[in-house]
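Encoded as structure tokens, the structure appears first; notes follow it.
The values are calculated or read from the model by the stated rules, or taken from the named source; none is laboratory data. Computed from a predicted model, the values in this text were never measured in an experiment. For neighbour counting, all protein chains shown are included, and Cβ atoms are generated from backbone atoms with ideal geometry for every residue, glycine included. The accessibility values were calculated without ligands, DNA or RNA, using every heavy atom of the protein model including side chains. Shrake-Rupley method; radii C 1.70, N 1.55, O 1.52, S 1.80 Å.
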Amino acid sequence: MKHGATGVGSTGRRLGWVAAGVALAAWCLLAAAPAASAGGLQRETGPPEMASTTGGASAASQPLISNVFVETFITQALQDIGMQAGVNILVEPGVQGFVTLELQDVPLERALRMVLAGGGYGFVRLDDRTYLVGRGDRESPNFHVLTQTRPVRFSYVKAEQARRLMPEYYAPYVRFDAETNTALVTAPPELLARIVADLQMVDRQAPQVVIEAIVTEVSEDARRQLGLDWEWTSRSTPPDVVAYDPMEGVLSAVVGTPFGKLMADLKLLVDQGKASIRANPRITVVNGASASIFVGQDRYIKIETESGSTTFTRLEAIKAGVSLNITPWIAESGEVTLTVKPTVTDVTEQMSDGLPVVSRREVSTTVRVPNGQTLALGGLVQESREDVTASVPVLGDLPVLRHLFWSSRSQQSRSEVIVLITPHVLPPATQAAPARP
């Protein structure tokens, strides 16, 4: 049957009813014809299809729909399809709109999906001869009939992370629970399948990075022996340096020297007394997560306060050592973007009032590093001055002549803390995947 928009004249309506009668009579004749017999005619139904997601019969057992709709009300089109298929189609009052569509031997439930797709409507099969059509939103009185519910348990991401990644359109149909790390999806069948597929796509194992870090304190000569010279320019960069990035307060370079050779050179400097290793942590972190490392000790100071005639004493903890905060991001090319913030804290001396002097050296930077190569961070320089007094035993203690047997000199030293960081991206085969329930 072919339906036009409202406003068609009486002649058009008569032609339409005539065409409808002809089509219905032809369909009845075809339905009454024998399926297949020797020398008889057999109707082609096409290859069998999977069962409908709405729980209906398989496509092979469904009536075939053939019709043409031109700017036809959806309700009218559904009525015509129901008459041709011999089923009842119940329609919610809110279903409205027009449809322009040509159907040629299309299984019933596929025809319903094609007619309803433009308005965002869905349907559910109530029994062998009855279908219910509606929108399936929470305001619908038939929401519980038009929808299905399915739980999704996350293995690799938190429920809150999945919630932030979901489109706002899905929000009315999904409830997330942080305690059980699951999502409960209640939606019309086809929308339900789409939401569950998107949630499963989000719940994927993140790659991991092994971070090898060395925090060393070296002199200027030792630093140059390691091949790290912060006075390089773009024209004089040594061949073993991949990239050089001077920043305000931070000096960084991606060194092409193999990690093993770099460690051997550093060990030699340590044996010669030109360098000392403050920390050498190794940690594995998930892509995009932050790893924090602290190597040192808590030093306590006693602080006394007076209130009237009462003196209160409390202990204050000061972390002295090396702390390192690293966040890696793995690119598709295999390079790793590192956000690094090392901090070196020392309690150098104590004032006359008993309070300590805390020396803190800290940098923060974000650098892109090729997988397996070493990032060198510098700029944490400390200069110290020390007065050294030497005297001859016994003679240096004489009241009058002691000045003849002792001497004093001022000694200055300059040291720099260098952080060497080498990221190694773990291949997927080495990352154990938890079993999905």
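Mind checking which residues of segment 315-355 are part of a strand (DSSP E or B), polar (S, T, N, Q) and at pLDDT below 85?
Of everything in segment 315-355, those that are part of a strand (DSSP E or B), polar (S, T, N, Q) and at pLDDT below 85 turn out to be Ser323, Thr343, Thr345, Thr348, Gln350.
Answer yes or no: is there a residue in segment 42-52 that is crowded, with 18+ Cβ neighbours inside 10 Å, at pLDDT below 50 and among the polar types (S, T, N, Q).
Scanning segment 42-52, I find at least one residue that is crowded, with 18+ Cβ neighbours inside 10 Å, at pLDDT below 50 and among the polar types (S, T, N, Q), so the answer is yes.
Name the residue, out of Thr6, Thr72, Thr100, Thr11, that is at pLDDT 50 or above and open to solvent by 50 Å² or more (accessible area, probe 1.4 Å).
Details: Thr6 fails: at pLDDT 50 or above; Thr72 fails: open to solvent by 50 Å² or more (accessible area, probe 1.4 Å); Thr11 fails: at pLDDT 50 or above.
Result of the check over Thr6, Thr72, Thr100, Thr11: Thr100.
Among the candidates Ser307, Ser292, Ser323, single out the residue that is touching a residue at least 12 places away in the same chain (Cβ under 8 Å), polar (S, T, N, Q) and either farther than 26 Å from Ser359 by Cα or touching a Phe, Trp or Tyr at 6+ places or on another chain (Cβ under 7 Å) (or both).
On the way: Ser307 fails: touching a residue at least 12 places away in the same chain (Cβ under 8 Å); Ser292 fails: either farther than 26 Å from Ser359 by Cα or touching a Phe, Trp or Tyr at 6+ places or on another chain (Cβ under 7 Å) (or both).
Unique residue meeting the criteria: Ser323.
Applying the selection to segment 131-169, what residues are open to solvent by less than 20 Å² (accessible area, probe 1.4 Å) and of a type in the set (Phe, Trp, Tyr)?
Selection gives Tyr131, Phe154.
With in contact with a strand residue (DSSP E or B) (Cβ under 9 Å, 6 or more places away or on another chain) and outside any loop (DSSP other than H, G, I, E, B) as the only criterion, which of Ala197, Ala183 stands out?
The unique qualifying residue is Ala183.
Within segment 301-339, track down each residue that is in contact with a Ser or Thr (Cβ under 6 Å, 6 or more places away or on another chain) and of a type in the set (A, V, I, L, M, F, W, C).
Phe312, Ala320, Trp329
Under the condition of being among the basic types (Lys, Arg) and at pLDDT 90 or above, which residue from segment 126-151 is nearest to Leu191 (Cα to Cα)?
Arg150
Looking for something assigned to a strand (DSSP E or B), open to solvent by 70 Å² or more (accessible area, probe 1.4 Å) and closer than 22 Å to Val209 by Cβ - is there at least one such residue anywhere in segment 286-308?
yes
So, in segment 178-190, of the ones that are open to solvent by less than 60 Å² (accessible area, probe 1.4 Å), modelled with pLDDT of 90 or more and not aliphatic (A, V, I, L, M), which residue ends up farthest from Val133 (Cα to Cα)?
Among those that are open to solvent by less than 60 Å² (accessible area, probe 1.4 Å), modelled with pLDDT of 90 or more and not aliphatic (A, V, I, L, M), it is Asn181.
Here are the criteria: (1) open to solvent by 80 Å² or more (accessible area, probe 1.4 Å); (2) at pLDDT 75 or above. Tell me which single one Pro258 does not satisfy.
Condition not satisfied by Pro258: (2).
Identify the residue in segment 355-371 that is within 23 Å of Arg299 (Cα to Cα) and basic (Lys, Arg) and, among all such residues, is surrounded by the fewest Cβ atoms within 10 Å (Cβ to Cβ).
Ranking the qualifying residues of segment 355-371, first place goes to Arg360.
Can you name the residue in segment 191-238 that is touching a Gly at 6+ places or on another chain (Cβ under 9 Å) and surrounded by 16 or more Cβ atoms within 10 Å (Cβ to Cβ) and is also modelled with the lowest pLDDT among such residues?
Per the criteria, the residue is Trp230.
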